[in-house]
Structures are given as C-alpha cells and as structure tokens.
1. Would you confirm whether or not region B:168-182 contains a residue that is assigned to a strand (DSSP E or B) and under 20 Å from B:Y223 (Cβ atoms)?
2. Checking A:G155 against (1) more than 13 Å from the chain's Cα centre (by Cα); (2) more than 14 Å from chain B (Cβ to nearest Cβ), only one condition comes out false. Which one?
3. Inside region B:400-443, can you point out the residues that are over 19 Å from the mean Cα position of the chain (by Cα), touching a residue at least 12 places away in the same chain (Cβ under 8 Å), over 19 Å from B:S264 (Cα atoms) and not in a strand (DSSP E or B)?
4. Can you list the helices (runs of 4 or more DSSP H) found entirely within region B:57-150 that contain at least 1 residues being surrounded by 24 or more Cβ atoms within 10 Å (Cβ to Cβ) and in contact with a Cys (Cβ under 8 Å, 6 or more places away or on another chain)?
5. Looking at region A:33-48, is at least one residue closer than 20 Å to A:E91 by Cα and not small (G, A, S)?
6. Examine region B:189-198 for a residue that is more than 14 Å from every other protein chain (Cβ to nearest Cβ), over 30 Å from B:G476 (Cβ atoms) and surrounded by 15 or more Cβ atoms within 10 Å (Cβ to Cβ), and state whether such a residue exists.
7. With (1) surrounded by 13 or more Cβ atoms within 10 Å (Cβ to Cβ); (2) in a loop (DSSP other than H, G, I, E, B); (3) modelled with pLDDT of 95 or more; (4) not polar (S, T, N, Q) as the list, and B:P458 as the residue in question, which single condition is left unmet?
Amino acid sequence: MLPTLNGRIQTRIFMLVVFGSIITFLITPLLPDGLPGVPGFDGTYYRITFIILATVLVLGILWELLYHLIQQFRWEKDWPTMFGLITAINEGALVWILLELGLVPGLPVGVDEGDLPSFFFWAFFIDFSVIWLFIWIWTNGPMRVPFIRWRFFGGRII
Amino acid sequence: MIEPTAASVVPTTDPSTYLPAQPMPAGDLTDEMLQTDFWTDELVAAAGIPIVDVPFVTVGSGIGSFVTVDYLRIAGVPTSQMRVLGTLDHPWQTYEYLTRVSQIPRGERLRSDSASRPDNIWGFPSYGFAEAMRTFNLKLLWGLFSEPIFSDYYTPKAGQAFETMEREKNRIDYDQMLVKGLVRIVRRRYGGGYFTILTPPEGASATKRVAFRSQYVHLAVGYPGLKFLPELQRYRTEHNDYRHIVNAYESHEHVYERLMQQPSTVMVRGGGIVASRVLQRLMDDRLLHGAQTNIVHLFRTYYHGTNDGYGNEEDPRPGGGKTRIFMRRRGENGWAYQGFNYPKSVWGGQLKKQVRGLEGEQRAEIYKRMGGTNTPWRKLWQKQMNQGRREGWYQVLVGTVDDMQPNGERIVNHVRTAQGTVPVEVDFVIDCTGLEADIAEHRLLKDLLEHGGASRNPTGRLNVDRNFELIGTRNGNGAMYASGATTLGGYFPGVDTFLGLQVAAQEIYQDLAKRKFCKRIGPVRSTIQWWKWLFGSKP
C-alpha cells in the first residue's frame, strides 16, 4: 500500500462501513453465545457486534495517525503488506481490553461492565479476525478492480 | 473540425484536382511548411502529401503508446479511431533490446513492482500473485507478504512482462492500429488539431510522407538517446576502438566471451541498477563458469551510510545539516540502496501527492533530494560481492577519469582519487553510467520546442501539466499529450517506468473522457472490463 493520511482514513471508513457491515450482518448469527446450537438472528447480538465494529472504526482512525507517523521514517513512504495484517494484533488487543474493562459505551446490560466470559472472547476473536482478514485481502488486490484511481491517489475514494 | 466518427484512411485531398498545370509534387515536406508553425489543409495538400483522418494518434509505438491505447480501448474507443505511429513491430521491442544487452534477458528479473503490469491497467492480479498461483510457489507468496522487511521486493521476470503484453496486444487488436514508419514532425493545424507527418518504410506508400490529421496527439518517444561519458567517447573516436570500451546499453556480448577465454581485468563505471546487473554477469561467469576476471569498480560517489540525493550524511546540502531523519535511505560499500528507481510512494502515495503540488525550484529540489544513482539491495548480489572483496577479485575505486591511453591491447585509465591520480590498466571498460541525451537531440521534440509551442520544465524535459497535456501546444479543440522519459521533472516523478506510463495513461484517458472522446471507466465498466481481461475477450 502507498497511502496518504487522507487516503488511509477514507479507505478505513469505506472498508469497515461496507465490508465490515456486510460481514457483521452475516456472521453475527453464527458466533458462539455460550448456549447450545446456533444463536440465529437476535437484535441484542447485533447490537453488540455493530458497536464493536463502530469501536474498531473510531479507534482505527486514531491508529491511522500513529501508522502515518511511523510511515514517515520509511524512505519509500510505503506501508508494507505485512504491516496491514499484523496491525490486527494491536488493534484487536486494544478493543478487547476496553471491552474487558467495560469501557465501550452503548453495550447491552450484562456485557457492559466488562469481566466477560470465555465464549464472548471467542465470538469477538472470530468476528474481528474474519472482518480484518477479508478487508486486508480486499485492500491488497481486488479493490483496484472497481476503483482504478484508488491506488494512484493514496487510497482516497473521493 | 474533425468529426471523430468520420475517421477514414482515404486521402481526402487530391492535389491534381486543383493543380492541373503543375507537375505532381513528390509528397515531401516543403520549405514553406518547415517555416510555418500552423499548417492549413491546403498547404499540406499542395505539397502532395496524402492526408489520413483519424481522431487520435500516438507517436512512438513503444510501451508508452501501448499502455495509452490499452486504456482507451478499455474506455470504449474502437480501433478505427486511433493510430499508433512508429517504427517498432511490437511495443516492447526497444525495451527488450535494452534490457537484454544490459544483462536482463527474458529469464532474469526486472527492477519493477509486482503490481506494475503494462498489460493490465488494474495491476490485479499482480505479477507476483499470478506467478505464485501458476507455479504453486509458497515461498514466493511468503516473499510477497513479507517484502521488503524480511525478503527482497518481488520483481517479475522480463519474459513474463513481454508474454503478458503480447497477450494484451492481441486482445485489444493493437496491430490493427499500428502504422509503421518514422514520425518526422508534428505541427498544429490551422483551425484546430494537428498534422503528424509520417515517413513510411520505402515502398509502403506512393509518397515519401503521409500526414495524419487528428484532434489529439500523444507522444511517447522514449529516451531521446544515450550519451557516453566524454572521456570514453573521445577514446573511442581517437583510437577507433569500439571493442574494449563499451556502453552497457549497446550489445557487448563479445566482452563476456573474451573474458571466458582469457583472464582479464574489467573496469565497471557507475553505481546504478545496470552496474549491478553487469557485475552480476561478471561474477556469475567467474563463480559458475570459471572465468578468471578481475573487476575494478569505479564509483564517482561512494555511499558509506545513510544518504539522500545530495549524497552521504556529511555532504553539503542546501540549508546545511545532515540528511533529514524522515528522508534518508540506506547505503553501504559505495551503493545507495532503494527497491525501485524512485521511492515507492511516487507511484501513488505521499511523494506523488507532494510533488503534484510543487512548482519550479521546490519541485526541482525534491527531485534532487530523492534522486541520486541507486540500486536495490539483493541477497545474491551482496553474497557475490562480499566473496569478491574477500578473495580480492572485486576492487573498488572512487573518483573520476582524467585521461585514457592505450597500452598495447590494454587501456590505462588515469583515475583522479582523493589520494591523487593513479594509473589503472584494464582490458575492458564497461560504461554503466547511463547518461541521457538532451530532448533537443530528438528531431521531433526539437521541432516541437521551436515550432509547436512546447516548453521545458525545471529539469529541462518536456513541460507537461498534471493531466500530461503538453503545456503550450493546445490548438482549438485539439490537445497534445506526452508521457514517458521525455516528461521527467513534471508534477509526477516516476514517468519512465511501467507504472508511470499507466499513471500517465490514466490521466490522459480521464482528460479525453472529459472531452467526450471515450467513456468513463467507472466501477461497473471497470469490473466488467476486468473480467473480459481475465477471460481474454475483446474489450
């Protein structure tokens, strides 16, 4: 990737809003909920997963500022493919810590005060990883097909 | 005005219809034409030059022309609306010649990014991904994932680039648009548009010249020419010796052949990618095939640590001080290391954006700062050169050559170093410095500067705008564009590269779409066209 700061933020928002939402919509009914069987469509679960998605998006914009700063130390001013994947670790960990500490606002009663059960961790892990992996792959190739100017303009969409 | 749909290849004016009393002119340029900046239709017809109407011509017929018509074909322009004028049989002909003689035959790897595919405007799938899938090579996939941190940048094999270009050339019916011949001159037409004068191969047409009357002209004529270092040129001419002193960009296989037969010493001059490739060839021949070659490598600038285009940390630079912490690259053993011929983000990221907003001196300054001769750090080269240093057959000198004298079959170079002048006797000199000639050495460009309204940018090349329109050449509803090496120094730095040609082609397509010459490539069209590309069906 050869992002500019503006392009980073635009790409982040576009990817999470479009693909993040679609995948969240599809995956939420399949995530473990500590009960036997598949949970299916449930408004409370959707509320949790979409709030987590929004948290990743908001924090992500702050992360992008840091990544942009790190990028300045690189002569090429590029963002290696690998970095795009491994930043899932720091970003995922931060979101999980905030969830565990009960610092993410808007979650339904029962999961809003942290101290979460282990199935919740696995549900978060699967949800987060699947979305991240899909977006990472999409950003590193297929995105160039519909948007021919995207790669030449630092990842800007508008 | 030229109606784009009215393209024809039929001469529209027959001079004999209105010049019955005079003998038929030979169809050549007249003095009057050469002295006139704007040509009328009558002026051209009176010279007996047949006129071909076509809305868009691209001059050059190399990769620059190919990539541009590829974009326009994908943007819905039929082959009948475009002509490619030039001397090449296929777009990669000159490129393949230059890479082959500078030691990148088809099986070797170029210095080009995985997603820089002249045959594919989307750069997806990248060369690397395609190669990994075709050969099911997990190591290669790992390389693509971890470059440039844990592995060298992936670069495609030259052969892969040529083969895929051939496929795309056939897909877009390139040959239907190709008109062979040498373009002599482009002049503005009175009333709008341009006349492009082509000299077809002998016997191919009834007249010496043919004029293409078009609304749009695109120039992609490539490097104006190569220049030798003055002392090398002097030696070659004075001693009539073209065998022992060679340029890396001319065929010099005889040097390697001699080295296989006889232990010799070779001086390599230059510190760029070509020097790296030539050194690898010399070292491969020594290490794998038993040549007994000693190498003297002469650097003009010796990099020993972090650097930028102004040189090493301690070298003087405007404003004083060292390299900026945010703008420095690695260097060692004489070389400045950089993956590609520009910092990667000039093709789409921060540096592209930055330069796009700079004018005049400021722009020249950033070009200077990110410039300087450099080469990629590759594991194999490091290994070979370390062995050469250890075993004493690879030696480095820093300086310039004051004088060269023959001594029997050998050449004595008087090298001026920091420690004084030393004589260095060698059997061959390979010049890898790659000096480029001035654009005015190219007849067509010289004429455009003198008669076409074109001008030079802060680095002396053709002055193009952000959309690659040649500034000062607009004529009525017509527009002239240029891309490639001749436009270096403009608002976009990486012009003389695969991806640079595509960046330029995209800007040109975009401008032509605004002028309603082609359709817009929006997300839907783009996706449909990509699938067509994938399955090899016509655009």
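1. The answer is yes; a qualifying residue exists.
2. Evaluating A:G155 over (1) more than 13 Å from the chain's Cα centre (by Cα); (2) more than 14 Å from chain B (Cβ to nearest Cβ) leaves (2) as the failure.
3. Scanning region B:400-443 gives a single hit, B:A418.
4. B:63-74
5. Yes, some residue in region A:33-48 is closer than 20 Å to A:E91 by Cα and not small (G, A, S).
6. Within region B:189-198, not a single residue is more than 14 Å from every other protein chain (Cβ to nearest Cβ), over 30 Å from B:G476 (Cβ atoms) and surrounded by 15 or more Cβ atoms within 10 Å (Cβ to Cβ).
7. Failing condition for B:P458: (3).
Conditions tested, residue by residue: (1) touching a Lys or Arg at 6+ places or on another chain (Cβ under 8 Å); (2) more than 9 Å from chain A (Cβ to nearest Cβ); (3) crowded, with 16+ Cβ neighbours inside 10 Å.
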{"position": "B:N294", "(1), (2), (3)": "no, yes, yes"}
{"position": "B:P316", "(1), (2), (3)": "no, yes, no"}
{"position": "B:R324", "(1), (2), (3)": "no, yes, no"}
{"position": "B:G331", "(1), (2), (3)": "no, yes, yes"}
{"position": "B:A336", "(1), (2), (3)": "yes, yes, yes"}
{"position": "B:S345", "(1), (2), (3)": "yes, no, yes"}
{"position": "B:I366", "(1), (2), (3)": "no, yes, yes"}
{"position": "B:W381", "(1), (2), (3)": "no, yes, yes"}
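The values are calculated or read from the model by the stated rules, or taken from the named source; none is laboratory data. Only a predicted model underlies this, so the values are computations on that prediction, with no experimental measurement involved. Reconstructed Cβ throughout: ideal geometry from the backbone, glycine too, with neighbour counts over all protein chains shown.
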